[in-house]
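Participant: This structure is in structure tokens; I'll ask about it shortly.
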Amino acid sequence: MRVRNVLVTGGAGFIGSNFVRHLLANHAAIRITNLDLLTYAGSPMNLNDLSDSSRHTLIQGDIADRELVERLLREHDVDTVVNFAAETHVDRSIQDPASFIHTNVLGTLALLEAVRTVWLVEGGRTAEDARFHHVSTDEVYGSLEAREPPFLEGAAYRPSSPYAASKAAADHLVWAYHRTYDLPITITNCTNNYGPCQYPEKFIPLMILNVLEGRPLPIYGDGKQRRDWLHVEDHARAIAMVIERGTAGRLYHVSGRVDRTNLQVVEALCDCLERRLPAAVHLPLQERIVSVTDRPGHDRRYGLDSRRIERELGWSPRMDFHRGLEETVAWYVEHPSWVAHIRARPDYQAWLDRNYAQRGICA
């Protein structure tokens with residue numbers, strides 16, 4: 001379909017801001033309305049380089065505010081919704097499941113009701129001129145055994161954490177609106193993202209900032225949990241292809257095809273940082289790695305088979321993992337104002353101190 005006016009939810013967060021940047025740089029005719037609640041993980045600083053763009057409008061608001069969403073759909077003649085808005089951190093979901101249900105389930109429901117009202121009841125839109133795209137995660141499938149092949153589209157959902165359960169519920173709602181109301185939808189499930197602007201409660205930026213701050217590098221359990229790593233730019237490109245050329249009612253997996261243990265990732269980050277930072281400041285960084293009590297219900301391995309999107313849409317990951325890590329490390333080192341802004345936020349420092357205290361680490 002021809003995409004013209006896009007409502008991006010959660011577009012001031014990590015993946016959302018990178019997607020906004022990708023669309024503006026590569027699709028000259030597209031205009032973007034960016035709806036973000038600007039909670040701890042979303043920041044206008046992630047969009048600073050877009051401040052002069054006449055094709056991008058940032059609006060602070062909650063996706064669960066159906067009246068607001070309906071107004072934006074009408075005022076901006078939105079033909080495409082891309083839903084990134086979500087609470088995403090597993091540890092936080094264990095501590096506070098209710099906020100994940102509010103945003104990930106009730107928020108998605110409000111979005112679906114808004115687009116159903118404006119597009120189908122009022123506007124008569126079809127799959128030819130409208131698309132609701134929902135961004136999901138590999139965690140809805142639960143853990144893979146050591147020798148199991150990666151999950152294919154259509155695999156059974158077996159979420160382990162409150163976060164994964166909330167995303168699974170949202171996915172089911174999206175499918176239900178497609179089946180019940182014929183709402184034109186697509187869904188992508190992705191593997192672990194990394195890259196610039198990622199809030200440092202997540203694994204890779206947390207390790208980078210811990211090195212820069214002289215903190216320990218904590219790894220859950222034995223560090224042999226395996227994840228597939230996808231650079232955020234490859235992810236943004238995949239979603240853009242899906243909303244333009246994907247088939248309505250279709251699910252696509254997006255995988256970086258980079259299977260690594262958590263320990264291997266931290267060791268690779270240490271190598272990157274030791275090459276970039278003065279040796280006198282950072283003695284062998286791997287000596288800072290410490291094992292901490294494992295997360296409750298921690299999935300051992302994730303993996304997605306992405307051959308469908310490769311075969312049908314011609315997408316494949318372009319970013320080499322080691323180059324991606326080098327560029328990610330460079331971004332955090334070269335953006336001290338962004339890092340200082342995060343460090344100064346009481347919510348970040350409180351979370352970090354609480355997280356370390358629970359695991360018996362001296363910060």
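The values are calculated or read from the model by the stated rules, or taken from the named source; none is laboratory data. All figures in this text were calculated on a predicted structure; none of them were measured in a lab. Note that each Cβ is placed from the backbone with ideal geometry, even for glycine, and that neighbours are counted across all protein chains shown.
Participant: Considering only strands (runs of 3 or more DSSP E) fully contained in segment 190-263, which possess at least 2 residues that are aromatic (Phe, Trp, Tyr), buried (at least 20 other Cβ atoms within 10 Å of the Cβ) and touching a residue at least 12 places away in the same chain (Cβ under 8 Å)?
Facilitator: none
Participant: Would you point out the residue of segment 103-136, among those that are of a type outside the set (Gly, Ala, Ser), in contact with an Asp or Glu (Cβ under 9 Å, 6 or more places away or on another chain) and not in a helix (DSSP H, G or I), that is surrounded by the fewest Cβ atoms within 10 Å (Cβ to Cβ)?
Facilitator: Among those residues, the one meeting the criterion is 126.
Participant: Show me the strands (runs of 3 or more DSSP E) found entirely inside segment 1-83 where at least 1 residues are modelled with pLDDT of 95 or more and farther than 17 Å from residue 237 by Cα.
Facilitator: Of the strands (runs of 3 or more DSSP E) lying wholly inside segment 1-83, those with at least 1 residues that are modelled with pLDDT of 95 or more and farther than 17 Å from residue 237 by Cα span 5-9, 31-36, 56-60.
Participant: Within segment 235-259, count every residue that is closer than 16 Å to residue 188 by Cα and touching a strand residue (DSSP E or B) at 6+ places or on another chain (Cβ under 8 Å).
Facilitator: 17
Participant: For residues that are of a type in the set (Asp, Glu) and within 19 Å of residue 319 (Cα to Cα), tally how many sit in segment 190-240.
Facilitator: 3
Participant: If a residue counts only when it is of a type outside the set (Val, Ile, Thr) and at pLDDT below 90, which helices (runs of 4 or more DSSP H) contained entirely in segment 281-363 have at least 3 such residues?
Facilitator: 336-344, 346-358
Participant: I've got another one for you. Considering segment 87-144 alone, what residues qualify as being basic (Lys, Arg) and over 14 Å from residue 187 (Cα atoms)?
Facilitator: Of everything in segment 87-144, those that are basic (Lys, Arg) and over 14 Å from residue 187 (Cα atoms) turn out to be 92, 116, 125.
Participant: Quick check: anything in segment 170-184 in contact with a Gly (Cβ under 8 Å, 6 or more places away or on another chain) and part of a loop (DSSP other than H, G, I, E, B)?
Facilitator: yes
Participant: Among the candidates 144, 183, which residue alone is within 26 Å of residue 325 (Cα to Cα) and surrounded by 17 or more Cβ atoms within 10 Å (Cβ to Cβ)?
Facilitator: Testing whether each residue is within 26 Å of residue 325 (Cα to Cα) and surrounded by 17 or more Cβ atoms within 10 Å (Cβ to Cβ) leaves just 144.
Participant: Exactly one condition in (1) within 13 Å of residue 111 (Cβ to Cβ); (2) of a type in the set (Lys, Arg); (3) buried (at least 22 other Cβ atoms within 10 Å of the Cβ) is not met by residue 21; state its number.
Facilitator: Going through (1) within 13 Å of residue 111 (Cβ to Cβ); (2) of a type in the set (Lys, Arg); (3) buried (at least 22 other Cβ atoms within 10 Å of the Cβ) one by one, residue 21 breaks only (1).
Participant: Only residues in segment 130-150 that are closer than 17 Å to residue 80 by Cα count as the first member; pair them with residues that are among the aromatic types (Phe, Trp, Tyr) and not in a loop (DSSP other than H, G, I, E, B), Cβ under 6 angstrom, at least 6 apart or cross-chain, and list the lot.
Facilitator: 130/119
Participant: Regarding residue 94, is this residue modelled with pLDDT under 95, surrounded by fewer than 19 Cβ atoms within 10 Å (Cβ to Cβ) and part of a helix (DSSP H, G or I)?
Facilitator: Here the answer is yes, as residue 94 does meet what is asked.
Participant: Would you confirm, using the coordinates I've provided, whether residue 257 is at pLDDT 95 or above, in contact with a Ser or Thr (Cβ under 9 Å, 6 or more places away or on another chain) and at positive phi?
Facilitator: yes
Participant: Could you tell me whether any residue of segment 9-19 is under 18 Å from residue 347 (Cα atoms) and in contact with an Asp or Glu (Cβ under 9 Å, 6 or more places away or on another chain)?
Facilitator: yes
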